[in-house]
1. Could you check, for the stretch A:659-669, whether at least one of its residues is modelled with pLDDT of 95 or more, of a type in the set (Val, Ile, Thr), assigned to a loop (DSSP other than H, G, I, E, B) and surrounded by 15 or more Cβ atoms within 10 Å (Cβ to Cβ)?
2. If I go through the stretch A:467-501 residue by residue, how many of them are surrounded by 24 or more Cβ atoms within 10 Å (Cβ to Cβ), under 24 Å from the mean Cα position of the chain (by Cα) and assigned to a loop (DSSP other than H, G, I, E, B)?
3. Going by what's in this entry, would A:Val384 be described as over 25 Å from the mean Cα position of the chain (by Cα) and modelled with pLDDT of 95 or more?
4. Taking interchain pairs and intrachain pairs at least six residues apart, which have beta carbon atoms under 9 angstrom, with the first residue in the stretch A:766-788 and closer than 16 Å to A:Val813 by Cβ and within 14 Å of another protein chain (Cβ to nearest Cβ) and the second surrounded by fewer than 17 Cβ atoms within 10 Å (Cβ to Cβ) and of a type in the set (Asp, Glu)?
5. Give just the number: which of (1) within 24 Å of the chain's Cα centre (by Cα); (2) farther than 25 Å from A:Val154 by Cα; (3) surrounded by fewer than 19 Cβ atoms within 10 Å (Cβ to Cβ) does A:Gly680 not satisfy?
6. One residue is enough: does the stretch B:2-16 have a residue meeting the conditions within 16 Å of A:Tyr818 (Cβ to Cβ), outside any helix (DSSP H, G or I), more than 7 Å from every other protein chain (Cβ to nearest Cβ) and out of contact with any His (no Cβ under 9 Å at 6 or more places or on another chain)?
7. Could you identify the single residue in A:Val861, A:Val813, A:Val833 that is in contact with a Leu (Cβ under 7 Å, 6 or more places away or on another chain) and either closer than 30 Å to A:Pro716 by Cβ or surrounded by fewer than 22 Cβ atoms within 10 Å (Cβ to Cβ) (or both)?
Amino acid sequence: MVVHSQTQKLTQLRRGVMELYISDHPLDCLTCSANGDCELQDMAGAVGLRDVRYGYDGAHHLDSAKDESNPYFAFDPAKCIVCSRCVRACDEVQGTFALTVDGRGFASHIAASQDNGFLKSECVSCGACVQACPTSALMEKKVTEVGTPDRAVVTTCAYCGVGCTFRAEMRGEQLVRMVPWKDGKANRGHSCVKGRFAWGYAHHRDRILSPMVRASVDEPWHEVSWDVAIAHVASEFRRIQAQYGTRSIGGITSSRCTNEETFLVQKLIRQGFGNNNVDTCARVCHSPTGYGLKTTFGTSAGTQDFDSVMQSDVIMVIGANPTDGHPVFASRMKQRLRQGARLIVVDPRRTDLVKSPHVAADHHLPLKPGTNVAILTAMAHVVVTEGLANEAFIRERCDWDEYQDWAAFVSAPSRSPEAIEPLTGVPAGDVRAAARLYATGGNGAIYYGLGVTEHSQGSSTVMAIANLAMATGNIGREGVGVNPLRGQNNVQGACDMGSFPHEFSGYRHVSDKETRALFEDAWGVTLDAEPGLRIPNMLDAATDGVFKGIFIQGEDILQSDPNTHHVAAGLAAMECVVVQDLFLNETANYAHVFLPGSTFLEKDGTFTNAERRIQRVRKVMEPENGAGGRGYADWEVVQLVANAMGLGWTYTHPSQIMDEIARLTPSFARVSYDALEAHGSIQWPATDAAPVGTPTMHIDGFVRGKGKFVVTDYVPTDEKTGPRFPLLLTTGRILSQYNVGAQTRRTDNVAWHPEDVLEIHPSDAENRGIKDGDWVSLKSRAGETTLRATITERVAPGVVYTTFHHPATQANVITTDYSDWATNCPEYKVTAVQVGLSNGPSDWQEDYAEQARMSRRVIHVEAAE
Amino acid sequence: MMSNDDRLIYMLNQIARNFAAGGPEAAARSTADHIACFWDPRMRTRITELHAARPDDFGAVAQSALDMLARDATMGA
């Protein structure tokens, strides 16, 4: 058969269709925001449309009201041709099903959630519909305001660990829009509200553009030149070390900065400070992943790429809420679920994945917070005692003796689902059914988040997950694996780069002589063979009076770390706190030097996402932090500090830093900017054996050799409910906000989440006389705050939940000093609390607001000629 | 909230409890190795001082882990 796509008849038909479209379309092409970027306009030209025989006087939609409720894009029904591409994008790509074609025939129109308007509807503002729209019916407001872009640079998003790549579309030096890059292997052309739209913080008026110093934190800030600020940092650090010893200072690398910047900060500390007092915010999120996966598999990273999920038959999500935390990957996962993959959700909350349009979990195990190890061991009990273990895999790939010890341990009747039901609150039958499904349902993949790691037994839970995957043979091929959903854009990279106090880049312990010799040779100094202080240890040492100075790059420990009072006391006890950030964050209230940071749009470098994928960050505009002179990317500022301390660094481009990383780190051996340019992205390990990277790990053998089964005994947390604090608080985040909110709070994303609220079950609320929207106090043995309550059955009775995006709430005033036994990762997810009606802000909130106001005073100086 | 010294003791006992399933000797060895691997020198010194001053606050596994660390240090020197 021969198909003709161009015939006389077809031409007539196409022109006829276009005539009908245009008869109900405004003829304002020259003033339309899509002028030059409109498929309808192009098609009118292509079919040779010259007039419209029907005239323009008939019924039409040209007077339809525009929906401008979404802060980032507008919907103009007058420009809409009801092609339903937006509906398909919402259904098939995003998986939210917020849009529909409402009405019939000529009355057909696009409606967001039964004509609720975009903002009030279920729309999650991912932008997929805007991208799909052929006309200007759905259009970014920024394009309407600025005009069409004239150039584009591909770069990587600086929000979550999914690592979406975008075309940053520019007009001159002005960013017009971020469009998800179709060739991006992490996001495959999709995006979420944060990466797509929430980049306005880069030019927010709160951004600090000049270096500042002050002698004491009671004083206002004084703007100074870069030279003065850098010299002050170097002399203060040297003074403190001379007075209090080599180990009296340290630093924190940023999971938001590039690999190159992170590498330089830890190099500054190891080479320049002469100690290993370096840590990173992974301490408070995925450090248990590092410990657990290193112990069991031999390396600290997820085993798959994101594409792998499309081969999964059973997906188990533990302690993760990807539709909020990792939305673009969640959309991929939901695509697979709609194709028929089965779903197990282990989470105290009824997250969106448990039930949302066209997705429903086969099993939801709503366990009591803090009982992860008990429930995973019970699943292992079912696998072993019901003969579902994959013994062929285990004999070939794992240590058989260790397996037998482990199998005997989990088989004990005291570890059966029935025995632990009173602890976890999950019906034993559900646990058994979930375990059977995971073990026998085909390719089983586990995805987990901070609901696993941020516990007293975070590391044990990670190892329990690894045990389960090995016991069922669900490791080492596509569609299976153990996948930590990493929080921040470069938290994987920060860990890889040697940000932990006990290891160099590539996860090699500082006591290892050969590795140390490699670095000593490259850096020309003797390196400390002893592990350094982790963040909480630094704060303890500070309140003990022996840790006196800290360099903090892009991290807000006062807001993000637990037990705010203790963090504040630690910072207050130091003599020199240096904060390098975009904004005067909460930590900066206790800082003596502020070094203005640069955004991801203002620098070159690389980020590494949750799939170990190294991707380029490309500079699209000059750093704004010049204050009248030259601005600097963050890596350049670290180099200035290093050189002021006499280290003699001579990097002129981040590619040279990556070359040094590759020379010193076996798993990065074949990574270079040229290789990234050639291949788009590379998943480490990239070695001579796998020069273009490794999408799936542990294929023929584990990195450590034999997979190691580790006995994970359930040790209940000491954070217990009782008469004073009868409820369990667990914390998390929400789609529109990111981490401490420093970026997203400074964008229009506040339209969706202007404040942190407390989720509480109707029965707990009724017992306390709490109605929806009431101000309530939230009190633990660590502290007290107030916020508004929202009554929902998403949380079980006895459990309350809040987010930590807003400093006015400071959820971490409540969280305690308990932490993971192996890594000191804080136990954010379990705090015993009491909730009661309140009149308004707590004393602490009022004092803090006043202190923050005083601390942020700035004395401006005119720029010197 | 705990004092820094109390927290240090708590951390050691917590590590020991998580290794306990392996039996007392293996648990002590794992605990000692863990401390050597992840605690900075000042924390290790301080825990030894606290052990001398407040032995009753330490569990059996934690105690023998500290003994092992002391032996390792002597042998290393």
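1. yes
2. The total comes to 11.
3. Details: over 25 Å from the mean Cα position of the chain (by Cα): yes; modelled with pLDDT of 95 or more: yes.
Against the criterion (over 25 Å from the mean Cα position of the chain (by Cα) and modelled with pLDDT of 95 or more), A:Val384 qualifies.
4. A:Glu784/A:Asp843
5. If we test A:Gly680 against (1) within 24 Å of the chain's Cα centre (by Cα); (2) farther than 25 Å from A:Val154 by Cα; (3) surrounded by fewer than 19 Cβ atoms within 10 Å (Cβ to Cβ), just (2) comes out false.
6. Yes: the stretch B:2-16 contains one or more residues that are within 16 Å of A:Tyr818 (Cβ to Cβ), outside any helix (DSSP H, G or I), more than 7 Å from every other protein chain (Cβ to nearest Cβ) and out of contact with any His (no Cβ under 9 Å at 6 or more places or on another chain).
7. Numbers: A:Val861 fails: in contact with a Leu (Cβ under 7 Å, 6 or more places away or on another chain); A:Val813 fails: in contact with a Leu (Cβ under 7 Å, 6 or more places away or on another chain).
The match here is A:Val833.
Each row is one residue, and each column tells you yes or no for (1) in contact with a Pro (Cβ under 6 Å, 6 or more places away or on another chain); (2) acidic (Asp, Glu); (3) outside any loop (DSSP other than H, G, I, E, B).
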position: A:Gly298; (1), (2), (3): no, no, no
position: A:Val309; (1), (2), (3): no, no, yes
position: A:Arg336; (1), (2), (3): no, no, yes
position: A:Gly340; (1), (2), (3): no, no, no
position: A:Leu353; (1), (2), (3): no, no, yes
position: A:His364; (1), (2), (3): no, no, yes
position: A:Lys368; (1), (2), (3): no, no, no
position: A:Ala378; (1), (2), (3): yes, no, yes
position: A:Val383; (1), (2), (3): no, no, yes
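The values are calculated or read from the model by the stated rules, or taken from the named source; none is laboratory data. Just so you know, these numbers come straight off a predicted model, no measurement behind them. As a convention, Cβ positions derive from the backbone with ideal geometry for all residues, glycine included, and neighbour counts pool all protein chains shown.
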